[in-house]
Ligand code: HEM
Ligand code: SF4
Ligand code: FES
């Protein structure tokens, strides 16, 4: 396959960026999107040009590092038949001769560091604010000491699969981090270990979410439509319910 | 005024000022307005029962509603105060969240493609402003009687409504206005319930959206039959 790529190039956080057009020849349709970028980068390196900076780590869809916006949708979800991360998107999802736009996540809370790499540490600070259970565990409890119902366990596990990639923020017209925050809120709210800090957790995590400059949710659903882990949209309603309930509790007053 | 929570606030104070609390305020006030619209639609249908019935209804609403629980004429002013507060709070939260969303997205994409957004959802903000502008015209027309087009108020609400909706472009204007209102409600109804925590599963999402469509369509048809009937001379 031969591909025309239009890629966002930006030297650093302070400089202006722009779209630059590249031709990529001899792309195999079995390559992942990142391997196609590797191919282009080798070419650029040989030519003595600066390779395109992009984030990646596991390349198997579990670390959440590799997100970029492809043809206007996060992780190229609009081109892929299934929910995917950028590293798991393959070139067979595109036709020969296609022109593909590649851009970094765009959100005030995710400033561009270089080219396609953005700073997602705002997510870390949301988790640091309350996305944990603070108990001294002591020795391992008996496996059956804390029974968790099947439905709640499933819901907790589903929510816990969030990999923190940031696609939800990138796709949201309000650049809200609500799906990410709601995934952690739901994960811990379903489990007995999460109960003691439940009301304080939502207050602290939402305060940090807002302070980091993410927008408010308007229940549009772009987030869940691009999420590689298919975090359910209804986790956001769970977060809302918990927040409203917490307003009537003394925790964190 | 700072839009974001600062570190000097306690977690509880930031929760009260959070985007989610603002949204809940928007949801509650929005649902209150939808409730009002349903009542209003029911009231308008009294036009079909003739002059005496409609005038009596209008009089009852303004003077005798809840009498003797409340002194005569009190209800309408309490009611107006609640509605005015709902509208002001609704618009205040809408504008505050709009500004936040703008601040949250300094740059836009070169290529942008939406996978889930509906037209109603996309037009909530500008649509809301158009809707509010026409609401002002509507109140000036039928409540204050300042923008009556067909002639001055003669003391009969029934005659007033009749003569205004005998004008074809007035009916067209209202038909257009109700499109903006019902589109707003199409997304707003679902969104309000999701904000208040009722979207508990993918199935609930389908049900809430179906209800939103039903309420929006009911309101559109319910509000438009009367003006159309007047225009074509089926009433009066
Ligand atoms: C008769 C008047 C109105 C009714 C019945 C109404 C109803 C509603 C409802 C039920 C919601 C859902 C709340 C939520 O999202 O949780 C909503 C949202 C909203 N309303 Fe209104 N509204 C009215 C007037 C206005 C006006 C005048 C504006 C002007 C700016 C406005 C702007 C908005 C916005 C921006 C939202 C949030 C959009 C979203 O959730 O995507 N509304 N409205
Ligand atoms: S909710 Fe989905 S899209 Fe958002 S960070 Fe988690 S995995 Fe990524
Ligand atoms: S590189 Fe780890 S998820 Fe894509």
Candidate set from region B:105-115 (those that are surrounded by 15 or more Cβ atoms within 10 Å (Cβ to Cβ) and out of contact with any strand residue (DSSP E or B) (no Cβ under 8 Å at 6 or more places or on another chain)); member that is farthest from residue B:92 (Cα to Cα): B:112
Which residues, taken from region A:169-191, are away from chain B (no Cβ under 14 Å) and either on the phi > 0 side of the Ramachandran plot or within 14 Å of ligand 3 (Cβ to nearest atom) (or both)? none
Would it be correct to say that residue A:230 is in contact with a helix residue (DSSP H, G or I) (Cβ under 8 Å, 6 or more places away or on another chain), modelled with pLDDT of 95 or more and within 16 Å of ligand 3 (Cβ to nearest atom)? yes
Restricting to region A:124-168, and then to whatever is within 16 Å of ligand 3 (Cβ to nearest atom) and within 14 Å of another protein chain (Cβ to nearest Cβ), can you tell me which residue is farthest from the chain's Cα centre (by Cα)? A:168
On the basis of being more than 14 Å from every other protein chain (Cβ to nearest Cβ), at pLDDT 95 or above and either surrounded by 14 or more Cβ atoms within 10 Å (Cβ to Cβ) or closer than 29 Å to residue B:136 by Cβ (or both), does residue B:22 make the cut? no
Members of region A:213-253 that are in contact (Cβ under 8 Å) with a residue 60 or more places away in the chain and at the interface with chain B (Cβ under 8 Å from one of its Cβ atoms): A:213, A:214, A:225, A:226, A:232, A:239
Within region B:187-232, can you find the residues that are near ligand 1 (Cβ under 10 Å from one of its atoms) and in a helix (DSSP H, G or I)? B:187, B:188, B:189, B:190, B:191, B:192, B:193, B:194, B:195, B:212, B:215, B:219
Flag if residue A:99 is more than 15 Å from ligand 3 (Cβ to nearest atom), within 11 Å of another protein chain (Cβ to nearest Cβ), at pLDDT 95 or above and over 18 Å from the mean Cα position of the chain (by Cα): yes
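The values are calculated or read from the model by the stated rules, or taken from the named source; none is laboratory data. Quick caveat, the model's predicted, so the values are computed rather than measured. Because the Cβ atoms are built from the backbone with ideal geometry, glycine has one as well, and the counts that use them run over all protein chains shown.
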